[in-house]
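Handing you this structure, nothing more for now.
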Amino acid sequence: MRRVYMDHNATAPLRPEARDAMLAAMDIVGNPSSVHAEGRAAKALVERARGQVAALVGCAPGEVVFTGSATEAAALGLHAGPGIADGPVAFEAAGIEHDCVSLLCMETLRADENGRVSGFERPDTVALQAANSETGVIQDVPLGLGFSDIVQAAGKIPVDFAQSGTRMAILSAHKLGGPKGIGALIVRRGMDVSALVRGGGQEMGRRSGTENVTGIAGFGAAAEAAARDVAAGRWEEIEELRKILENTLAASANATIFVGKGANRLPNTSCFATPGWKGESQVIQMDLAGFAISAGSACSSGKVRASSVLRAMGYDEETASSAIRVSLGLDNTAEDVQRFAEVWLAKERKFRARAA
């Protein structure tokens, strides 16, 4: 049985360009902070990657701070809150944000039934994702936003940090075909961000510790390749596959709800719920059939809970517990989508028969 990977929003397969760059970096012996030739060679790899990541998201290389993950980048950018006249305050956010953002913000904002957030008066005090990992819903990011999670957007749709006026943003390498364990905080020039990890003053004094040269090199190579794919329109082809998938399922599964269908979404992401048919059960059944997908619900210490994203969008507990996510990648084909639809619909019919 040939397995089909459809969980690219969780992690994307390592790109060949990233693998080659990492293997080459492993042969560089120097510490990037050393002034000798070996150190300068390592430093050159880091700075090349910094430029590649900057080019992907439309910022200056000096605005890229490498971290161990997007989660660490969020902590670095959010821990002090936005500076206003009376001093730092907590960022505002809606319940659709990733936990690494929402746990550091005040949940004062609301999302509508399509997962869209609007109505904030002070964008500079708001944390707002560019696109949601579960639903794929793309936000209208206001000018001068305080903080943005662009993890899912970067490498799938055009991102222009400079033009947006956003003050800070976070990135993750493994979401766009780079290695796991490396991320970045984008900090607009002039912004004051205090280091959480103190020591030797690496990363412009914002994140101490010897740089992960191998991971950074892979990040840079993946970013450069991802930028080429966006420019070439390759994700538009994947969007067509997503439309075929949803139309095929909708034609037979009348009770199934396609989340965020009334909003602009990432080209690869489809989140749908069949009320009463638990998401984790669907994931297991499809895994046994050879398909890797995700549930809209999450597990914590063995206890299943409904998707907080769907709950924040107004869905009830049963529906939010019944959601699954299919996130396609550039390696998926029309045959993959057709096979998935056939298998899932067969299992959906069995579920309806049992529930009748």
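The values are calculated or read from the model by the stated rules, or taken from the named source; none is laboratory data. Bear in mind that the values here come from a model prediction, so they are computed numbers and not experimental data. Cβ: placed from backbone, ideal geometry, glycine included. Neighbour counts: every protein chain shown.
Could you check how many residues of the stretch 1-40 are over 23 Å from LEU288 (Cβ atoms) and either over 31 Å from the mean Cα position of the chain (by Cα) or in a loop (DSSP other than H, G, I, E, B) (or both)?
Restricting attention to the stretch 1-40, the residues satisfying the condition of being over 23 Å from LEU288 (Cβ atoms) are 12, 14-40.
Narrowing further to those that are either over 31 Å from the mean Cα position of the chain (by Cα) or in a loop (DSSP other than H, G, I, E, B) (or both): 12, 14-15, 27-40.
Final tally of qualifying residues: 17.
Quick check on my filter: what residues within the stretch 150-171 are under 15 Å from ALA55 (Cα atoms) and outside any loop (DSSP other than H, G, I, E, B)?
ALA154, ILE157, PHE161, ALA162, GLN163, SER164, ALA169, ILE170, LEU171
Output the number of the condition that LEU56 fails; it satisfies all remaining conditions of (1) in contact with a His (Cβ under 8 Å, 6 or more places away or on another chain); (2) crowded, with 22+ Cβ neighbours inside 10 Å.
Every condition holds for LEU56 apart from (1).
Six or more apart or on different chains, Cβ atoms under 9 Å: show the pairs whose first residue is in the stretch 265-288 and on the phi > 0 side of the Ramachandran plot and whose second is surrounded by fewer than 24 Cβ atoms within 10 Å (Cβ to Cβ) and assigned to a helix (DSSP H, G or I).
Listed by first residue and then by second, the contacts come to GLY276/GLU318; GLY276/THR319; GLY276/PHE351; GLY276/ALA355.
Restricting the first residue to the stretch 69-80 and requiring it to be assigned to a helix (DSSP H, G or I), which pairs with a second residue that is polar (S, T, N, Q) meet a Cβ separation below 7 Å and a spacing of at least six or different chains?
So the pair list comes out as ALA70/SER172; ALA73/THR67; LEU76/THR67.
State which residue is nearest to GLY260 (Cα to Cα) when the search covers only the stretch 322-356 and only residues that are modelled with pLDDT of 95 or more and small (Gly, Ala, Ser). Don't jump to the end; show me each part of the working.
The initial filter retains those residues of the stretch 322-356 that are modelled with pLDDT of 95 or more, namely 322-351.
The next check asks that each one be small (Gly, Ala, Ser); those that pass are 322-323, 327, 329, 334, 341, 346.
On the way: SER322: 15, ALA323: 12, SER327: 14, GLY329: 19, ALA334: 23, ALA341: 20, ALA346: 24 Å.
Checking each candidate, the answer is ALA323.
Only residues that are over 18 Å from ASP316 (Cβ atoms) and not in a helix (DSSP H, G or I): list them for the stretch 248-260, please. Give the derivation first.
First, pick out the residues of the stretch 248-260 that are over 18 Å from ASP316 (Cβ atoms): 248-254.
Residues satisfying the conditions are ALA253, ASN254.
Related question: Considering only the stretch 239-273, state which residues are surrounded by 23 or more Cβ atoms within 10 Å (Cβ to Cβ) and either under 14 Å from SER307 (Cβ atoms) or of a type in the set (Val, Ile, Thr) (or both).
Once the filter is applied, which keeps residues that are surrounded by 23 or more Cβ atoms within 10 Å (Cβ to Cβ) and either under 14 Å from SER307 (Cβ atoms) or of a type in the set (Val, Ile, Thr) (or both), the stretch 239-273 yields VAL259, GLY260, THR269, CYS271, PHE272, ALA273.
Something else about it: Could you check the stretch 294-316 and list, in sequence order, the residues that are in a helix (DSSP H, G or I) and modelled with pLDDT under 95?
Here is the first cut: in the stretch 294-316, the ones in a helix (DSSP H, G or I) are 308-312.
Once the filter is applied, which keeps residues that are in a helix (DSSP H, G or I) and modelled with pLDDT under 95, the stretch 294-316 yields only SER308.
Considering only residues that are surrounded by 14 or more Cβ atoms within 10 Å (Cβ to Cβ) and free of Cβ contacts under 8 Å to residues at least 40 places away in the same chain, look in the stretch 111-125 and name the one that is nearest to ASP140 (Cα to Cα). It would help to see each step written out before you state the result.
Our first condition is that a residue be surrounded by 14 or more Cβ atoms within 10 Å (Cβ to Cβ); within the stretch 111-125, this holds for 111-112, 114-117, 120, 123-125.
Still in the list and also free of Cβ contacts under 8 Å to residues at least 40 places away in the same chain: 117, 120, 123.
Numbers: VAL117: 8, PHE120: 12, PRO123: 12 Å.
The extreme case among them is VAL117.
When you scan the stretch 126-134, do you find a residue that is touching a Phe, Trp or Tyr at 6+ places or on another chain (Cβ under 6 Å), of a type outside the set (D, E, K, R) and either surrounded by fewer than 24 Cβ atoms within 10 Å (Cβ to Cβ) or within 24 Å of GLN163 (Cβ to Cβ) (or both), even just one? So that I can check it myself, show each step before the final result.
Narrowing the stretch 126-134 to residues touching a Phe, Trp or Tyr at 6+ places or on another chain (Cβ under 6 Å): 126-127.
Filter once more, so that each one left must be of a type outside the set (D, E, K, R): 126-127.
Narrowing further to those that are either surrounded by fewer than 24 Cβ atoms within 10 Å (Cβ to Cβ) or within 24 Å of GLN163 (Cβ to Cβ) (or both): 126-127.
Scanning the stretch 126-134 turns up at least one residue that is touching a Phe, Trp or Tyr at 6+ places or on another chain (Cβ under 6 Å), of a type outside the set (D, E, K, R) and either surrounded by fewer than 24 Cβ atoms within 10 Å (Cβ to Cβ) or within 24 Å of GLN163 (Cβ to Cβ) (or both).
Same structure, new question: Assigned to a helix (DSSP H, G or I), in contact (Cβ under 8 Å) with a residue 24 or more places away in the chain and in contact with a strand residue (DSSP E or B) (Cβ under 8 Å, 6 or more places away or on another chain), is that true of LEU245?
On the way: assigned to a helix (DSSP H, G or I): yes; in contact (Cβ under 8 Å) with a residue 24 or more places away in the chain: yes; in contact with a strand residue (DSSP E or B) (Cβ under 8 Å, 6 or more places away or on another chain): yes.
Against the criterion (assigned to a helix (DSSP H, G or I), in contact (Cβ under 8 Å) with a residue 24 or more places away in the chain and in contact with a strand residue (DSSP E or B) (Cβ under 8 Å, 6 or more places away or on another chain)), LEU245 qualifies.
Evaluate the following for GLY233: is it buried (at least 23 other Cβ atoms within 10 Å of the Cβ), of a type in the set (Gly, Ala, Ser) and farther than 30 Å from MET1 by Cα?
Numbers: buried (at least 23 other Cβ atoms within 10 Å of the Cβ): no; of a type in the set (Gly, Ala, Ser): yes; farther than 30 Å from MET1 by Cα: yes.
Considered against the rule, which asks whether it is buried (at least 23 other Cβ atoms within 10 Å of the Cβ), of a type in the set (Gly, Ala, Ser) and farther than 30 Å from MET1 by Cα, GLY233 comes out as no.
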